[in-house]
1. Any chance region 73-93 includes a residue that's part of a helix (DSSP H, G or I), within 30 Å of VAL4 (Cα to Cα) and in contact (Cβ under 8 Å) with a residue 60 or more places away in the chain?
2. How about region 49-80: which of its residues are of a type in the set (A, V, I, L, M, F, W, C), surrounded by 14 or more Cβ atoms within 10 Å (Cβ to Cβ) and more than 20 Å from ARG18 (Cβ to Cβ)?
3. Out of the residues in region 256-277 that are part of a helix (DSSP H, G or I) and of a type in the set (Gly, Ala, Ser), which is surrounded by the fewest Cβ atoms within 10 Å (Cβ to Cβ)?
4. When residues of region 1-24 are filtered for being touching a residue at least 40 places away in the same chain (Cβ under 8 Å) and outside any helix (DSSP H, G or I), how many remain?
5. So is LEU27 part of a helix (DSSP H, G or I), touching a Gly at 6+ places or on another chain (Cβ under 7 Å) and under 30 Å from GLY157 (Cβ atoms) or not?
6. For region 145-163, which positions are within 17 Å of the chain's Cα centre (by Cα) and surrounded by fewer than 20 Cβ atoms within 10 Å (Cβ to Cβ)?
7. Do we have any residue at all in region 20-38 that's within 20 Å of GLU76 (Cα to Cα) and among the β-branched types (Val, Ile, Thr)?
Amino acid sequence: MADVVAYYLTEKGPTHSRPKELAAHCLNLLEELGTLPLSEITGRKCRAYIKKRGSTVAATRELEYLRAATNFANVEGIVQGTIVLDLPAKSLPRERWLTRSEAARLIWAAWRKTESQGGAATGRHTRRHIARFILVGLYTGSRAGVICGAGFSPAAGRGYVDLNAGVFYRQAAGRAQTKKRAPPVPLSDRLLAHLRRWKRLGICKQAVVEWNGEPILRVNKAFRAVCADAKLTDVHPHILRHTAATWLMQRGADLWQAAGLLGMTTQTLQSVYGHHHPGLQRGAAQLLSGRRSAG
C-alpha cells in the first residue's frame, strides 16, 4: 500500500489541484495502513480506519485517495487489479440557504462590527472584509477558496478579477482543472462597481479580500463570529454558493446560463436546486389538472 501511495504522490502530486492537502491526507493513510499489503485492506479495515480518524468526511476522502492511487497503479502496470473499499454513503446535499433578509443581516453584522479594548469601543471596524467576502460570494456563487485566493492581476496559483473587462477569472493560473470547475464569470454591474471602488480607495490593494492590507486564505473563524452576531445558525461560507444557486432558480434563470455562472453541470443544478425553479415542473402540473400551461 505504501508503495502504491508513494508512486501516486510522485507522479500525480505535482499537478494536483491541492498538492499540500493531498500529501497530508496520504500521510494519514500511511501512518495507519502503510505497512499492509493491498489484499489486506478490507471493509473491516476501512470501517476501523474511519472510526479511529474520528472524522467520517476526512477519512472517506483519504480512502478515496487510496482508491485513486490503486487505480492509477493498475493503469500504469504497477499492480494487477483494483481494490473495493467500504465507504460511507454520500450525505444528502444541504438544503440550507439564506433568504434575502438573512443575507442582509449577515452583511450588516459584518459591516458594523467594531473593536473593543478594555470594555470601550475604539471605532475600528474589524470585519468589513467579511462583508466584502459575502457580497462576492452572493453575486458570483464562487467557492470560498476561490474568492479568498483572487487578486487584481494575473499571478501563478491564483485567480484574478479583471476590473477593466468586468470578468472574474476564477481558475488559478497553472492549477489543473478538477471536477470543481471554476470558469470565468462576468461580474454584475453592482458588484463591479463595488470592486472598482474598493481598489480605487485602497481598501483592497492586492486581493479581493484583505485584512490589514494583506490577502487572507480563510475566513472560517471570522465568518462564524459574524453568523453568531447575526443570530444565524447552520450557516457556513459555502452557504453563499447554495444561496446564489437558489436565488437564480427562484428568479427563473435559464438553466444553461446559471450552470455556466456557477461552474456546475446543468444536471447538478437541476437535481439539487431545480425544485426552487418556478417553471420547471409547472407544465407537467398543469397537465395533471387537465390544463395546458400558457406558452
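1. Within region 73-93 (the criterion being part of a helix (DSSP H, G or I), within 30 Å of VAL4 (Cα to Cα) and in contact (Cβ under 8 Å) with a residue 60 or more places away in the chain), the answer is yes, since at least one residue qualifies.
2. Within region 49-80, ILE50, ALA73, ILE78, VAL79 qualify.
3. Across region 256-277, the extreme among qualifying residues is SER271.
4. Matching residues across region 1-24 total 3.
5. Here the answer is no, as LEU27 does not meet what is asked.
6. Correct list: GLY145, GLY157.
7. no
FYI, it's all coordinate maths here, none of it is from the lab. Just so it is clear, the model here is predicted, and its values are computed rather than measured. Glycine also receives a Cβ, built like all others from the backbone with ideal geometry; neighbour counts cover every protein chain displayed.
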